[in-house]
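Only one structure is covered here, and it is reproduced in the block below.
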Amino acid sequence: MSDWKTAFRSFYYETAEEPEDITFVPSETALLVVDIQNTYLAVPNTDEEANRWQPFFDRMNGQVIPRTADLIAWARRTGVEVIFARIACLTEDGRDRSLSQKKPGFNYLLLPKDQDESQIVPDLAPQGDEITVLKTTDSALTGTNLRLILHNMGIRNVVVAGIFTDQCISSTVRSLADESFGVLVVEDCCAAATEELHRHELEIINMIYCHVVRSDDVRSFVR
């Protein structure tokens, strides 16, 4: 049996009983892939920054992207709706961005929607009529019509993959939970800048806003 029922426990849930088995119907489930965009796989200009980010690139290229690609392929075969979210502003100068994306530092993002940097990485590109929502916030629900889309399609459960675990994944998961969706976060299809940040955030959101699982677990939950 998988250890998802006991892994990633925070102080609040160290002594909590194990959750019940998870089952879901494919037609009531969506796989939401968040922000795996070209800009985040671009190697920094300086050797110092490139070295600092190398563990993240290793995780993305060696694990997150290939396993997310496999999960997307499985979802398409199984009848699970595949939906993408990406950070992309509607204006060239980014005047429609949220305040958090205008502040200096790492989260300063100017990604006009048609630029190559803002596109989903080629290995995970949407196919056919798969939906992509554009966002200028961390949460994929805030400021988009994703909530309405999910309700219109009869979606009750959302499986979340993408980056960054401690930022847009966390914000999206909390928003979904507040809207009473059942939420799963796929640990091996997510990444933060460091492994420490990744694991710490999963412990924070697990058991209250979502269940943290692995990609192999997700496949076993279908009924």
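The values are calculated or read from the model by the stated rules, or taken from the named source; none is laboratory data. As the structure is a prediction and not an experimental result, all values here were calculated from the model. Reconstructed Cβ throughout: ideal geometry from the backbone, glycine too, with neighbour counts over all protein chains shown. All accessible areas refer to the heavy atoms of the entire protein, side chains included, with ligands and DNA or RNA removed. Shrake-Rupley method; radii C 1.70, N 1.55, O 1.52, S 1.80 Å.
Would you confirm whether any residue within the range 1-13 is more than 15 Å from Val213 (Cβ to Cβ) and β-branched (Val, Ile, Thr)?
Scanning the range 1-13 turns up no residue that is more than 15 Å from Val213 (Cβ to Cβ) and β-branched (Val, Ile, Thr).
Starting from residues that are open to solvent by 10 Å² or more (accessible area, probe 1.4 Å) and assigned to a loop (DSSP other than H, G, I, E, B), keep the ones in the range 177-195 and report whichever is farthest from Leu148 (Cα to Cα).
Looking at residues that are open to solvent by 10 Å² or more (accessible area, probe 1.4 Å) and assigned to a loop (DSSP other than H, G, I, E, B), I get Thr194.
Among the candidates Gly162, Gly105, which residue alone is of a type in the set (Gly, Ala, Ser) and either surrounded by fewer than 21 Cβ atoms within 10 Å (Cβ to Cβ) or free of Cβ contacts under 8 Å to residues at least 12 places away in the same chain (or both)?
Gly105
Considering the range 211-220 alone, what residues qualify as being open to solvent by 10 Å² or more (accessible area, probe 1.4 Å) and not in a helix (DSSP H, G or I)?
Within the range 211-220, His211, Arg214 qualify.
Answer yes or no: is there a residue in the range 196-205 that is open to solvent by 10 Å² or more (accessible area, probe 1.4 Å), on the phi < 0 side of the Ramachandran plot and free of Cβ contacts under 8 Å to residues at least 24 places away in the same chain.
Checking the range 196-205: at least one residue is open to solvent by 10 Å² or more (accessible area, probe 1.4 Å), on the phi < 0 side of the Ramachandran plot and free of Cβ contacts under 8 Å to residues at least 24 places away in the same chain.
Inspect all residues belonging to the range 175-186 and state whether any of them is β-branched (Val, Ile, Thr), under 14 Å from the mean Cα position of the chain (by Cα) and within 20 Å of Ala88 (Cα to Cα).
No, that holds for no residue.
Just checking, which of Asp70, Asp123 is of a type outside the set (Ser, Thr, Tyr), within 21 Å of Thr29 (Cα to Cα) and under 18 Å from the mean Cα position of the chain (by Cα)?
So the residue among Asp70, Asp123 that is of a type outside the set (Ser, Thr, Tyr), within 21 Å of Thr29 (Cα to Cα) and under 18 Å from the mean Cα position of the chain (by Cα) is Asp70.
Checking the conditions here, which among Leu134, Leu141, Leu150 is open to solvent by less than 30 Å² (accessible area, probe 1.4 Å), out of contact with any Ser or Thr (no Cβ under 6 Å at 6 or more places or on another chain) and of a type outside the set (Asp, Glu)?
Only one candidate qualifies: Leu150.
Among the candidates Gln119, Gln63, which residue alone is modelled with pLDDT of 95 or more and in contact with a helix residue (DSSP H, G or I) (Cβ under 6 Å, 6 or more places away or on another chain)?
Only one candidate qualifies: Gln119.
Can you work out which of the residues in the range 22-46 that are without any contact (Cβ under 8 Å) to a residue 24 or more places away in the chain and not polar (S, T, N, Q) is surrounded by the fewest Cβ atoms within 10 Å (Cβ to Cβ)?
The extreme case among them is Val43.
One line per residue, one yes/no per condition, for (1) within 22 Å of Leu41 (Cβ to Cβ); (2) in contact (Cβ under 8 Å) with a residue 60 or more places away in the chain; (3) out of contact with any Phe, Trp or Tyr (no Cβ under 8 Å at 6 or more places or on another chain); (4) outside any helix (DSSP H, G or I):
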position: Pro126; (1), (2), (3), (4): yes, no, no, yes
position: Asp129; (1), (2), (3), (4): no, no, yes, yes
position: Ser171; (1), (2), (3), (4): yes, no, yes, no
position: Ser175; (1), (2), (3), (4): no, no, yes, no
